[in-house]
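Reading through the structure tokens given below for one structure.
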Amino acid sequence: MNQNKYYKFNSQDEKIVKIFADLGMPRNLAKTLIYISKSEECRSAEIEHQANLRQPEVSVAMHELQKRGWINKRDLKKKGKGRPVHIYSLTSDINTIINNFEQEKIKQINIIRKDLDELKNLIENK
């Protein structure tokens, strides 16, 4: 991991985050995901600084990303005492993650369609 070179968000990244948010992904989760995908490996402190997020926002996002199986976490050995430093990376490429997200959304759409059909049938047959 290169400690001196941090990824900087650009306008395309902001558009990607907006689309993810429009699709129902929390904005902080989307920013964290995109930062990690552009960085290869990073520390949460880098995400906080470069993605303009607060530490609790990044922690919540990291927890969700780990729960979904989208990121790996490894410990960085450092000298002395203090809190351990964790290094994060994606478990697979961003396109695979987007495909997973798409499948989640398709399932939600199918549930909504089923519920709407049931609602229509109930109203018509009352």
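Values quoted throughout were computed directly from the atomic coordinates according to the rules given, and no laboratory measurement underlies them. Values in this document were obtained by computation on a predicted structure and should not be read as measured data. Quick reminder, even Gly has a Cβ in these numbers, built from the backbone with ideal geometry, and neighbours come from all protein chains shown.
In segment 72-86, the residues that are in contact (Cβ under 8 Å) with a residue 24 or more places away in the chain reach residues that are among the basic types (Lys, Arg) with C-beta atoms within less than 8 angstrom, at least six apart or across chains, in these pairs: Leu76/Arg43; Val85/Arg43; Val85/Lys78; His86/Arg43; His86/Lys73; His86/Arg74. Residues in segment 51-68 that are among the charged types (D, E, K, R) and touching a helix residue (DSSP H, G or I) at 6+ places or on another chain (Cβ under 8 Å): Arg54, Glu57, Glu64, Arg68. Residues that are in contact with a strand residue (DSSP E or B) (Cβ under 8 Å, 6 or more places away or on another chain), within 30 Å of Ile109 (Cα to Cα), touching a residue at least 24 places away in the same chain (Cβ under 8 Å) and not acidic (Asp, Glu): does segment 38-59 have at least one? The answer is no; no qualifying residue exists.
Criterion first (in contact (Cβ under 8 Å) with a residue 40 or more places away in the chain and either within 15 Å of Leu90 (Cβ to Cβ) or exposed (fewer than 12 other Cβ atoms within 10 Å of the Cβ) (or both)) does Ser11 satisfy it? Spelling it out, it is not the case that Ser11 is in contact (Cβ under 8 Å) with a residue 40 or more places away in the chain and either within 15 Å of Leu90 (Cβ to Cβ) or exposed (fewer than 12 other Cβ atoms within 10 Å of the Cβ) (or both). Filtering segment 30-58 down to residues that are exposed (fewer than 14 other Cβ atoms within 10 Å of the Cβ) and polar (S, T, N, Q), which residue is nearest to Glu14 (Cα to Cα)? By that ranking, first place goes to Asn52.
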